[in-house]
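Visitor: Before we start, here is the structure in question, set down as structure tokens.
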Amino acid sequence: MTHAVLERPDLKSLFNILQKAGYTTIAPTVRDNVITYENVTDQSELPIGMTDDQKNGSYRLKKRKDKSVFGFVVGPQSWKKFLYPARLKLWEAHRNGKSFSIAKPENEEKKLAFIGVRPCEMSAISIQDKVFLKSTFVDSAYSSRREQLFTVIVNCTEPGGTCFCTSMDTGPRAKKDYDLALTEVVKKDQHYFLVEIGSDQGKEIANKLPLKEASEEQVSEADKRLNEAARKMGKALKTDGVKDLLYENAENPHWEKVAERCMTCANCTMVCPTCFCSTMEDSTDLSGEIAERWRTWDSCFTMDFSYVHGGSIRNSSSARYRQWLTHKLGSWQDQFGTSGCVGCGRCITWCPVGIDITEEIKTLQECDSRKSKSN
Amino acid sequence: MNTDPMVPDLFRVQKVRKETLDTFTLELSPKQKKFRFEPGQFNMLYVSGAGEIPISISGNPNQPESLIHTTRAVGSVTNAMRKLKAGDYLGVRGPFGTKWPVDKAMGDDVVIITGGIGLAPLRPAVYDILAKRGRYGNVVLLYGARTPEDILYPKEIMGWRSRFDMDVHVTVDRAAGSWHSNVGVVTKLIPKAPFDPQNTTAFICGPEVMIRFTTQELKKRGLSDDKIYVSMERNMKCAIGFCGHCQLGPYFVCKDGPVFRYDEIKRLLEIREV
Amino acid sequence: METLKQYLQEHPFFEGLPENDVDLLVGCAKNVRFETGAQIFREGEKANQFFILRHGRVAIDIYSPGKGNITVETLDAGEVFGWSWLVPPFCWNFDARVIELTRAVAMDAECLRKKLKSDPRLGYEMFKRFAKVMTQRLQAQRVQLLDVYSA
């Protein structure tokens, strides 16, 4: 059975079964006027009948006409905060005389189940896997969380105003890397989730769910909605040759124009589900006996980021914006064999001045400095 | 090395030696018997309560019993480091990064061009080359410093100068009375340096401005870009390719560098604020 | 006279200069030799010569009260030094001091100025060559000015 149906009233059992299997269930819920991912124990805490209206620099939560459970796009925070926490203690040093001893904090990782992961976000997780698990070194904190993770995708039938996952080939339907994938269908008389199984783990859980065999009509309805969603993307980005475009346009005057708008606030990097830069914070208690090292999220938009004794390499906002975009869409490919962008649109929605990476790329494509050279 | 590359190992300070007015050398002893590294690699050094910074290794790779770092006191961590005494401990993570191509350069003339504190990361390469001296052609060291007082490892340089199998030329930016050697920029030493441009590998370490002018001068002599190696410096927090700070275009200086073949990064050095 | 001509022809500064031009210049030239420590000229003195360095090393110094002589540049075989003879008021701006036994060809400024005035083509050629030397020195000094080795 690759296609099955979970009726809306049975969504409750997904939580119960995962919890019984030892997972802490994380899912979307409304908090502070946005939808965020939190520890959610019951389906009733989900953003039922809610949606989000997203535009450049704008996010508004609204009530829907129907009772869709996943009738929204994505909130400001991604699942990144669970696998790669914004603050993490790396070690603690205790002084004894002239020497000191260094120890890692005790690991008490919970098994996490993410319910309601968007396909673009699943791609973001796979991208961070490449960064933290598949490059020269392995990040042990990430790996211990990731290995135990269970993922339940909810495919997108209603893309938002800043979405462009089809351009990045990450949605609106998840293709791989998940355990279970749901497609929510709400009709006059029906409300169900079409279930696809993506792994052995997923199969194990699915076997315990009160699933029914999907009718041909139920499958084709879900397909239809996903195909429609692919046509309704709020944005588009032409990715052909984008790496070379960015490399060859490092000195394009357009960066200056973006810099006139960019406030280097770092919002885009904080909401991005793939941005992985971090810094270290050392602290010592008042007695000087205990020192700690913490890893915290950092952003290439800060001046300190590129500081080398004497000054910062990237002084201007244009250089910092160029670094972010060139890394995200260009050099990421050289580093990890994939683009760093999944098309979730968060950086567009949460930019206080509404800078739109799809627009900036389009402008660069139009005023490609290679064209003027050959003329 | 510790199983987790983010957790430092403790090293005991054996000696802190003043080199010049603002530079000093730390002699550390590993808790384990030996600390093996390749010339050009660096460590992350942690001073309790002050913080952690990358510093290249400047000792002899063939004498792994002690770990040597020479650095300049410029920030809070290096200033705390300078105040360390024999018997104190500091944290070490490493070694990290790429090495000087001491093996690939065999059979070639080697020209080492450096300025200021840049001699420290190159000293392990000098030791290694001299240990296998017969396998190289001419070995030339061109070194620039601010003033004669700022010359690093002066006694050692004198020793190298007195060897018959090594050409050492030192220049300073300005000098008072008793200085009898060159005054001028280090690039001025390149046109007359005794090496065969067709069979030479160049190692460069110094401020980026110096790297720029040095590569230009080497090109005038006819050296090709893929025979020139440079050591780059960027902000570093983790040294293992995770923190993102040291990015230079597609490269992480911590693991793809610090030693790069010049033709790999040439394009990037031409872009400002990259 | 023949060796002097050969010295000039072999020196990088005159590279590619037609033989008849060299013949003209050699009339202003003479062989000189300076012992280590000798002062070739001092700041403020009349600049009535310039030098084609064939061998040895010369320091260009600036005297600073309390600090003594500060060497800002050294010049070796293959280089030239002294261009104050080209520009009024024809006075040296620096000291030149011998660090290593130096052999050079000294060119008489008075004689040269006269010849170049009557032969503007050669005058232009000489100015071009000096301009190149001066540019190189200026660029080197600019890099030194950056004080790149400091923190």
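The values are calculated or read from the model by the stated rules, or taken from the named source; none is laboratory data. Given the structure is predicted, the values throughout are model-derived calculations rather than measurements. Note: ideal-geometry Cβ built from the backbone for every residue, glycine included; neighbour counts use all protein chains shown. In case anyone asks, the SASA skips ligands and DNA or RNA and just uses the protein heavy atoms, side chains included. Shrake-Rupley method; radii C 1.70, N 1.55, O 1.52, S 1.80 Å.
Visitor: Using the structure shown, list the pairs from A:Lys62/A:Lys208; A:Lys104/A:Lys130; B:Lys192/C:Lys128 with a Cα-Cα distance above 27 Å, or answer none.
Guide: A:Lys62/A:Lys208
Visitor: Given a 1.4 Å probe and no ligands, DNA or RNA in the count, how much accessible surface is buried by B and A, both sides, to the nearest 100 Å²?
Guide: Chains B and A together bury roughly 3700 Å² of accessible area.
Visitor: Per residue of B:168-175, count partner chain C-beta atoms within 10 Å of its C-beta, then hand back the mean as an integer. Don't skip to the answer; put the middle values down first.
Guide: On the way: counts 0, 0, 0, 2, 4, 13, 7, 8.
Whole-number average of other-chain Cβ neighbours for B:168-175 is 4.
Visitor: From the protein chains alone at 1.4 Å, what is the descending order of accessible area for C:Glu43, A:Glu213, A:Glu38, largest first?
Guide: Listed by decreasing accessible area, they come as A:Glu213, C:Glu43, A:Glu38.
Visitor: Picking from B:Cys205, B:Cys243, B:Cys254, which is most flexible by a Gaussian network model of chain B using Cα springs under 10 Å?
Guide: B:Cys243
Visitor: Please label the shape of the protein assembly as shown as rounded, prolate or oblate, based on the square roots a ≥ b ≥ c of the eigenvalues of the alpha-carbon gyration tensor (a/c under 1.5 means rounded; beyond that, a/b larger than b/c means prolate, else oblate). Let's see the in-between values first.
Guide: Numbers: a/c = 3.19, a/b = 2.06, b/c = 1.55.
Because a/c hits 1.5 or more and a/b exceeds b/c, the protein assembly as shown counts as prolate.
Visitor: Under 14 Å from the Cβ of A:Ala21, count the other residues' Cβ atoms, weight Lys and Arg +1, Asp and Glu -1, and hand me the total.
Guide: Numbers: positive: A:Lys20, A:Lys110, A:Lys111, A:Lys203, A:Lys208; negative: A:Asp179, A:Asp200, A:Glu204.
Result for the neighbourhood of A:Ala21: +2.
Visitor: At 1.4 Å probe size, what's the solvent-accessible area of A:His254? Round to the nearest 10 Å².
Guide: Counting only protein heavy atoms, the figure is 20 Å².
Visitor: Something else: Could you run the Karplus curve 6.51 cos²θ - 1.76 cosθ + 1.60 with θ = phi - 60° over segment B:192-203 and give me ³J(HN,Hα) per residue in whole Hz, x for Gly and Pro?
Guide: 9, 5, x, 8, 9, x, 6, 9, 9, 10, 10, 10
Visitor: Right, another one. If you look for lysine pairs in segment B:9-96 that are eight or more places apart or on different chains, how many of them have Cα atoms under 20 Å apart?
Guide: Lysine pairs satisfying the spacing and distance rule in segment B:9-96 number 8.
Visitor: Just to verify a number: what accessible area does B:Tyr143 come out at with the full protein assembly present, 1.4 Å probe, Å² rounded to tens?
Guide: Using a 1.4 Å probe on the heavy atoms, I get roughly 0 Å².
Visitor: May I pose another question? For a quick check: with amide H placed at 1.01 Å from N, whose amide H comes under 5 Å from B:Phe203's, ignoring anything fewer than 5 positions away on the same chain?
Guide: Excluding prolines and chain starts, which carry no amide H, the hits are B:Val111, B:Ile112, B:Ile113, B:Tyr229.
Visitor: With the alpha-carbon atoms as the only input, what is the per residue convex hull volume for chain A in Å³?
Guide: That works out to 168 Å³ per residue.
Visitor: Report the C-B buried area as the accessible area lost on both sides summed, probe 1.4 Å, in Å² to the nearest 100.
Guide: So the total buried area for this chain pair works out to about 2000 Å².
Visitor: Show which lysines lie in cross-link reach of C:Lys30 when reach means a straight Cα distance below 19 angstrom and same-chain residues fewer than eight apart are skipped.
Guide: C:Lys30 reaches C:Lys5, C:Lys46, C:Lys114, C:Lys115.
Visitor: Could you please put A:Trp324, B:Trp179 in sequence from largest to smallest accessible area, using a 1.4 Å probe?
Guide: Accessible-area ranking of A:Trp324, B:Trp179, largest first: B:Trp179, A:Trp324.
Visitor: Let me ask you something else. At most 13 other C-beta atoms within 10 Å and a DSSP loop state: those are the exposed GluC sites (Glu not before Pro) I care about. Give me the longest piece of chain B that has none.
Guide: B:66-269
Visitor: Going down the table (A:Lys12/A:Lys111; A:Lys65/A:Lys176; A:Lys80/A:Lys110; A:Lys187/A:Lys235), which pairs top 21 Å between alpha carbons?
Guide: A:Lys65/A:Lys176; A:Lys187/A:Lys235
Visitor: Go through segment B:57-71 residue by residue and turn each phi into a ³J(HN,Hα) via Karplus (6.51, -1.76, 1.60, θ = phi - 60°); whole Hz please, and just put x for glycine and proline.
Guide: 8, 10, x, 8, x, 8, 10, x, 6, 10, 10, 10, 10, 10, 8
Visitor: While we're here: Counting helices only, and only those DSSP H runs with n ≥ 4, report the 222 nm mean residue ellipticity of chain B as the sum of -39,500 (n - 2.57) divided by its residues, in deg cm²/dmol to the nearest 500.
Guide: When only DSSP H runs of four or more count, the value is -5500 deg cm²/dmol.
Visitor: Below 12 angstrom from the Cβ of C:Ala59, what's the summed charge of the other residues (Lys, Arg +1; Asp, Glu -1)?
Guide: Neighbourhood net charge equals -2.
Visitor: Just tell me how shielded A:269-280 is by partners: mean number of partner chain Cβ atoms within 10 Å of each residue's Cβ, no decimals.
Guide: For this peptide, the per-residue mean of nearby foreign Cβ atoms is 3.
Visitor: Only Cα pairs under 8 Å and at least 6 apart count here; give the relative contact order of chain C as a rounded whole percent.
Guide: Dividing the mean separation by the residue count of chain C yields 29 percent.
Visitor: Next question, about the same structure. I'd like the accessible area for B:Phe242, computed on protein heavy atoms only with a 1.4 Å probe and all protein chains in place. Round to 10 Å², please.
Guide: 10
Visitor: A follow-up question, please. So what J values fall out for segment B:148-153 if you push phi through Karplus, 6.51 cos²θ - 1.76 cosθ + 1.60 with θ = phi - 60°, rounded to Hz, Gly and Pro as x?
Guide: x, 6, 8, 6, 7, 6
Visitor: What number, rounded to the nearest 500 deg cm²/dmol, is the helix-based mean residue ellipticity at 222 nm of chain A, given -39500 (n - 2.57) per DSSP H run of at least four residues and division by all its residues?
Guide: Here the helix-only value at 222 nm equals -8500 deg cm²/dmol.
Visitor: For the protein assembly as shown, report the accessible area per residue in Å² (1.4 Å probe, heavy atoms, rounded to an integer).
Guide: On the way: 34290 Å² over 800 residues.
Averaged over the residues of the protein assembly as shown, the accessible area is 43 Å².
Visitor: Tell me which residues come under 5 Å, amide H to amide H, from A:Leu90 once H is placed; ignore anything under 5 positions away on its chain.
Guide: For A:Leu90, whose amide H was placed from the backbone, the distant partners under 5 Å are A:Arg293, A:Trp294, A:Arg295.
Visitor: Counting only Cα atoms, I'd like the Rg/Rh figure for segment B:109-231, Kirkwood definition for Rh.
Guide: Numbers: Rg = 13.4 Å, Rh = 14.4 Å.
Checking Rg against Rh, the ratio lands at 0.93.
Visitor: OK, next. Would you tell me the mean number of C-beta atoms belonging to other protein chains that fall within 10 Å of each C-beta in B:114-120, as a whole number?
Guide: 2
Visitor: Can you list the aspartates and glutamates whose alpha carbon is less than 12 Å from that of B:Lys237, not counting same-chain residues fewer than 8 positions off?
Guide: Once the sequence-local aspartates and glutamates are set aside, what remains near B:Lys237 is A:Glu281, A:Asp282, A:Asp298, A:Asp304, B:Glu52.
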